[in-house]
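The values are calculated or read from the model by the stated rules, or taken from the named source; none is laboratory data. Computed from a predicted model, the values in this text were never measured in an experiment. Cβ coordinates were reconstructed from backbone atoms using ideal geometry, including for glycine residues, and neighbour counts include every protein chain displayed. Just so you know, the surface numbers come from the protein's heavy atoms only, side chains and all, with ligands and any DNA or RNA stripped out. Shrake-Rupley method; radii C 1.70, N 1.55, O 1.52, S 1.80 Å.
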Amino acid sequence: MTHVYGFRPLQVGRHYEIDYVHSYGEVSDFFLGLKDHKLMATRCERCGATWLPPRRDCGRCGGKTVWFEAPQEGRVHTFSVLHFAAEAFLADLPFVLAYVELPGIDTVFLTRIKGCKPEEVYIGMPVRARFRRLVDWTPNDVWFEPV
Amino acid sequence: MRKVCVVSGGITKFAKANLLTQEAMVKDAVDYALTDLDGRLDYKDIQSTICTYFSDHFNSQLLFDSLTQDYLAMCPRPSMRIEGGGATGGLGIRAGYMDVASGLSDLCLVYGFEKMSEVSTAKGNEFIALASDTDFDYPVGGFYSGYYATMAMRHMHEFGTTAEQFALIAVKNYDNAFHNRWAQKHERWTLEGVLKAPMIATPLTRPMVCVMSDGAACLILCTEEWAKKLRPKGDYAVITGVGCGTDTMRLGDRPHGDVIPLPGEDPAKYSYLKGRWPGLHCFRAAREAARQAYQMAGIRDPLHEIDFAEVHDAYASSELQTYEDLGFCLYGEGGRWVERGGPYLGGELPVNPSGGLIACGHPVGATGIMQGVFTLWQLQEAIARHCSDPAQGIDGSRIQVPGARRGLCHSHAGTGTYITVNIFERPQ
C-alpha cells in the first residue's frame, strides 16, 4: 500500500531496490589476497610507481603493472573520528577513518583504525594490518590496529 | 573564440522542502532571469540550453534533462546534460561558454537543479558517497564529511592550521547569508558556538558542513551583440577566464611533488613545501583550474586583481584550503589569512559574500550556477535589489562588494576530482 506523507503537495512513498552482480575484474586478486591475510599491491614496470589499492594500468604513466605483496606495518598519515555517516554505516558509529602510509607504497591506503580508543589515534601512529577470518569480500576485510 | 557575456540569472529560494517538481523549480528560476531583462528577451530567442543536475538517485528520474527541456518549451532546440558531481554547475557554465564561444549558439540558457529532500539526510549522504570509488573508498568511509575531515586533519598537521580558523570561516559565511534572502540558513553563530556544536567528523562540527537542499538556478549566456541589446546600459558581465582541473578519484592516490605555479609565479616561491604537494591537504585540480583561468584573463596577482570570490565551501575546511590553491595566500597561510580578515567583507578579497554553500545550501546541480548568479549580481551592483527582503528585515546592500569589477566563481566535485574556475568581469 502506498504510504502518504502529505496532501498538498501530495507526497507518497516510492520504493527502489536492486541487487548487482558486481565484478572486481582485474583487481580481484586484491580481495582474494585479503582472504589469505595479504595486502596485494601493484608496481608499474615502466616508471616504478606503486599502487595500493592496486591498478592494472599505471595511474602515472599508463604502463602495465605487476603484483607484489605490500608490507603490513606502517603509520597513520591522517585520520578523523566519525560521529555521523551514510545510512549504511550508522550502526558502526563512532569509528576512525584513516589513511595509512606503508613503506615502499607511493599511495596512502584508506582504512579504519580499531583496537584502541578513537581519542588515542594520532598522525604518525605505528599501525599494523589485521584481517577478517570470515571475509565479506570488501575492503573492510582489512583494518589497522596500533602496533 | 567569440566573447561570451552573461546577461541575467535567476535562482529559487533554496530549502529542504519538497514542495515543487524539479521542472517547476527550473521554470521559476528562468522566469526570474527573464523578468530581470524587462521583456527584452523572448523565449524564442534562446538558441540552446545546457542542463545540469547531479544524481539520478536523488531525482529518481532518468533523462530529467529531456523532461525539463520539454517543460521549458525549448524543444526542438539543441540541449545537453552536463554532470560532474559537486562541480556540475561550474562545468555547465563552461559548457555554455563553449556553446557561445564556438559559434554554435548565440544565446544559451544554462540551468541546473537538484531536489535532495525526497530521502533522509543519512540516505542522501550515502547517495553522495557513491561519488567516491565504490570498490575501495565507499565501503570503508562512505561519507564525504569523513573524507574532508581527514584532509583538514592533515592540513592542520602540515601547517598548524586550527579548528578555530575553520570555525571562523563558518561564522563569516553565516554572517554574510544573514543579509541574503535566498539563503537556506539565516542563523547567527559565534566562534564558540560553532566549535561546541555536535561533531560530525573531527575537526568538522555540524555548522562547518553545508546542508542538503532543493533548488534551481540559471544563467543566460550570449554574444556581445546580444548582451548590448539585452543590457543597453552595459550592466552585464563578460566571461574572461575559464579553467577546469581534475584529480585522482581516490584521495589516497594523490602524489607528492612540486606546486603548479600560477601565471607569473616563480616556482622557487614554494621551495619551503619541500615537494609535499598536493598530497591530501591541497587541491591540485583547483590550482590547475585557477592557472588556466588566470592565464586567459591576464591575472598575475589574484589577491589584488580579483574583487571577490564565490567559492565552493561544502566544508569550512575546504574553503580555507581553496584560498591557497587560488593563490589568495601562500600554501599554509590560509588560517592566518582568515585571522587577518582577508576573506571578510571589507577585507582584502571577500570570499562568499553570499554566504556560500554552508549557509545558502547545496542543491548540487544548481550550486555552481547559483554562484554564477551571485557573481553577476555583484558585478551589476544589483545585490541589494535581488537579495533584500524588507518584510524580513533583510538588507542585501550589506553584502554588496562596492565597485566590484572582477569576480571569481569556483565549483568543486568529489574530493577535488573536478574543479572549475570561471572569471566574470564588467565589460571594458
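All but one of (1) away from chain A (no Cβ under 14 Å); (2) under 26 Å from B:L320 (Cα atoms); (3) surrounded by 24 or more Cβ atoms within 10 Å (Cβ to Cβ) hold for B:E83; which doesn't?
Exception for B:E83: condition (3).
Are there any strands (runs of 3 or more DSSP E) wholly within region A:8-80 with 2 or more residues that are open to solvent by less than 70 Å² (accessible area, probe 1.4 Å), and if so which? Spell out the reasoning first.
Working: elements: A:10-12, A:39-44, A:65-70.
Correct list: A:39-44, A:65-70.
Can B:L345 be described as open to solvent by 10 Å² or more (accessible area, probe 1.4 Å) and aliphatic (A, V, I, L, M)?
Spelling it out, B:L345 is indeed open to solvent by 10 Å² or more (accessible area, probe 1.4 Å) and aliphatic (A, V, I, L, M).
Is it true that some residue in region B:365-374 is touching a Gly at 6+ places or on another chain (Cβ under 9 Å) and under 17 Å from B:V171 (Cα atoms)? Spell out how you get there, then give the answer.
Kept after step one, since they are touching a Gly at 6+ places or on another chain (Cβ under 9 Å), are these residues of region B:365-374: B:365-374.
Checking the rest, the ones that are also under 17 Å from B:V171 (Cα atoms) come to none.
The answer is no, given that none of the residues of region B:365-374 is touching a Gly at 6+ places or on another chain (Cβ under 9 Å) and under 17 Å from B:V171 (Cα atoms).
Are there any pairs, at least 6 apart or on different chains, whose C-beta atoms fall under 6 Å, with the first in region A:6-25 and farther than 30 Å from A:M40 by Cβ and the second of a type in the set (S, T, Y) and exposed (fewer than 10 other Cβ atoms within 10 Å of the Cβ), and if so, which?
Between residues of region A:6-25 that are farther than 30 Å from A:M40 by Cβ and residues that are of a type in the set (S, T, Y) and exposed (fewer than 10 other Cβ atoms within 10 Å of the Cβ), the close pairs are A:V12/A:T2.
Kindly evaluate A:A85 against the criterion of being buried (at least 17 other Cβ atoms within 10 Å of the Cβ) and in a loop (DSSP other than H, G, I, E, B). Please lay out each step first, then the result.
Numbers: buried (at least 17 other Cβ atoms within 10 Å of the Cβ): yes; in a loop (DSSP other than H, G, I, E, B): yes.
Yes; evaluated as a whole, the condition is true for this residue.
Yes or no: B:H186 under 22 Å from B:D307 (Cβ atoms) and of a type outside the set (S, T, N, Q)?
Numbers: under 22 Å from B:D307 (Cβ atoms): no; of a type outside the set (S, T, N, Q): yes.
Judged against the criteria, B:H186 is not a match.
Return the only residue of B:S66, B:S105 being open to solvent by 10 Å² or more (accessible area, probe 1.4 Å) and either of a type outside the set (A, V, I, L, M, F, W, C) or touching a residue at least 60 places away in the same chain (Cβ under 8 Å) (or both). It would help to see each step written out before you state the result.
Details: B:S105 fails: open to solvent by 10 Å² or more (accessible area, probe 1.4 Å).
When all the criteria are applied, what remains is B:S66.
Output the residues belonging to region A:34-83 that are more than 27 Å from A:L134 (Cβ to Cβ), more than 14 Å from every other protein chain (Cβ to nearest Cβ) and in contact with a Lys or Arg (Cβ under 7 Å, 6 or more places away or on another chain).
Those that are more than 27 Å from A:L134 (Cβ to Cβ), more than 14 Å from every other protein chain (Cβ to nearest Cβ) and in contact with a Lys or Arg (Cβ under 7 Å, 6 or more places away or on another chain): A:E45, A:G63, A:V66.
State yes or no: is B:P139 within 8 Å of chain A (Cβ to nearest Cβ) and not basic (K, R)?
Numbers: within 8 Å of chain A (Cβ to nearest Cβ): yes; not basic (K, R): yes.
When the stated conditions are applied, B:P139 passes them.
Using beta carbons and a limit of 7 Å, which pairs, at least six apart or on different chains, have the first residue in region B:382-394 and touching a residue at least 40 places away in the same chain (Cβ under 8 Å) and the second one aliphatic (A, V, I, L, M) and not in a helix (DSSP H, G or I)?
Here the result reads B:S388/B:I394, each pair linking region B:382-394 to a residue that is aliphatic (A, V, I, L, M) and not in a helix (DSSP H, G or I).
Within region B:1-40, how many residues turn out to be open to solvent by 10 Å² or more (accessible area, probe 1.4 Å) and either in contact with a His (Cβ under 6 Å, 6 or more places away or on another chain) or assigned to a loop (DSSP other than H, G, I, E, B) (or both)?
15
Is it the case that some residue within region A:98-111 is more than 18 Å from B:L251 (Cβ to Cβ), small (G, A, S) and open to solvent by less than 40 Å² (accessible area, probe 1.4 Å)?
So the first thing to find is which residues in region A:98-111 are more than 18 Å from B:L251 (Cβ to Cβ), and the list is A:103-104.
Filter again for small (G, A, S), leaving A:104.
Next, from what is left, pick out any that are open to solvent by less than 40 Å² (accessible area, probe 1.4 Å): none.
Within region A:98-111, not a single residue is more than 18 Å from B:L251 (Cβ to Cβ), small (G, A, S) and open to solvent by less than 40 Å² (accessible area, probe 1.4 Å).
Anything in region A:84-123 that is β-branched (V, I, T) and at the interface with another protein chain (Cβ under 7 Å from one of its Cβ atoms)? List them, or say none.
Start the filter on region A:84-123 by keeping residues that are β-branched (V, I, T), which leaves A:96, A:100, A:105, A:107-108, A:111, A:113, A:121, A:123.
Listed by number, the residues that qualify are A:T107, A:V108, A:T111, A:I123.
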